[in-house]
1. What Cys residues in the chain are without a partner cysteine, judged by a Cβ distance under 4.7 Å?
2. Rg and Dmax of the chain, Cα atoms, in Å?
3. Suppose we keep just the DSSP beta bridges with both residues in the chain; what percent of those would be antiparallel, to 5?
4. Rank these for me by crowding, T211, T112, going from fewest to most other beta carbons within 10 Å.
5. Mind giving me the FRET efficiency for T38 and E248? R0 is 25 Å, r the Cβ-Cβ distance, nearest 0.05 is fine.
6. Rounded to two decimals, what is the ratio between the C-alpha radius of gyration of region 140-214 and 2.2 N^0.38 Å?
7. Pairs K220/K276; K5/K155; K52/K133; K45/K133; K133/K164: which exceed 22 Å Cα-Cα?
8. For region 1-151, take N as its residue count and report Rg(C-alpha) divided by 2.2 N^0.38 Å.
Amino acid sequence: MVNLKVKVGDLSLENPLIAASGTFGFGREMAEFFNISTLGGISTKGFTRLPKIGNPAPRVAECDCGMLNAVGLQNPGLDVVLEEELPFMRSQNATIIANIAGETMEDYIFLTEQLQSQDLAAIELNLSCPNVKQGCMTFGSDPVAIEELTHQCAKRSRHPLWIKLTPNVTSIAEMAKAAEQGGATAVSLINTLLGMVIDVQTRRPILRNNTGGYSGPAVKPVALRMVSEVYHAVSIPVVGMGGISSAEDVAAFMIAGAAAVQIGTGLLVEPSLPWKILEELPALCQELQVDNIADLTGTLELWN
Ligand SMILES: Cc1cc2nc3c(=O)[nH]c(=O)nc-3n(C[C@H](O)[C@H](O)[C@H](O)COP(=O)(O)O)c2cc1C
């Protein structure tokens with residue numbers, strides 16, 4: 001019997017598969033077809049203090065080996081999340097990771113405080129969305145801001161605090177160290193890579209926002225490199241993501257150093273993907289000669 005349980009710090013998860021923020025909503029559509037309680041966790045759509053309508057369309061575009069999105073954090077806002085979405089997720093016995101975003105430090109602090117009465121597995125601070133003009137990636141590219149923001153939220157939170165990092169920086173290891181210094185329980189990475197797709201006929205970007213976040217299989221090698229780098233730079237756990245679409249991908253992220261993983265774009269392509277991977281993981285673990293999937297974490301042997 002292969003044991004799929006993993007730990008992210010003190011938090012135990014039934015298995016390492018977490019639905020990535022923004023690709024699973026709050027689980028309502030998926031719960032009609034799948035038992036969403038069997039996932040290791042669900043990172044909610046990123047929500048803000050007030051409702052957001054997001055960016056104008058077109059805001060998603062399929063492209064080579066992945067997709068670009070500039071959704072711009074469309075969400076119903078904190079009140080609706082507290083009154084309707086989190087209760088729904090709880091009614092389904094989902095393991096909830098609340099993904100939050102803000103424009104100012106006060107926004108993040110306010111949201112963290114408001115979530116303290118909730119039953120959550122973790123809070124994930126999105127310091128990495130490339131599709132909004134203020135906050136998020138602006139904070140996530142500045143180690144001083146990351147450390148301060150993490151510190152302010154960590155000292156107010158009884159829940160584990162995960163800091164979600166952007167790959168759109170020179171050194172993601174430096175950003176991860178700042179999060180660790182600020183008191184983060186874990187870091188999650190990567191968010192999307194800032195990109196652009198162009199319509200040559202109109203000579204305009206396809207996305208109305210001009211730029212968007214690139215995700216899917218194409219970003220996987222970048223994500224694996226970053227997970228490996230961050231794993232060696234910090235001693236807090238790493239939650240890895242970026243282009244995962246198979247059991248082998250999950251194993252690769254764990255070997256690179258991830259304690260758990262998130263699946264995003266893969267879910268949009270094939271909604272049953274995490275359940276398919278869950279079925280395949282025990283056989284893969286046997287092939288890789290581990291009884292506990294957690295034993296894969298950080299076993300990468302780099303060449304000298
Ligand atoms: C349509 C879409 C919406 C997203 N929204 C969010 C979000 O609200 N908050 C967040 O932290 N990440 C968001 N992300 C980023 C994903 O959670 C993930 O970090 C990224 O897509 C890389 O993983 P993947 O290649 O498996 O999709 C979004 C991604 C997509 C494709």
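All of the numbers you see were taken from the coordinates with simple rules; none came from a lab. Remember, it's a predicted structure, so these values are computed and weren't measured experimentally. Cβ atoms come from the backbone with ideal geometry, glycine included; neighbour counts cover every protein chain shown.
1. Lacking a cysteine Cβ partner under 4.7 Å: C63, C65, C153, C285.
2. Cα radius of gyration and Dmax of the chain are 18.0, 57 Å respectively.
3. DSSP beta bridges in the chain are roughly 35 percent antiparallel.
4. Listing T211, T112 from fewest to most nearby Cβ atoms yields T211, T112.
5. Calculated transfer efficiency: 0.75.
6. So region 140-214 has a normalised radius of gyration of 1.43.
7. K5/K155
8. 1.07
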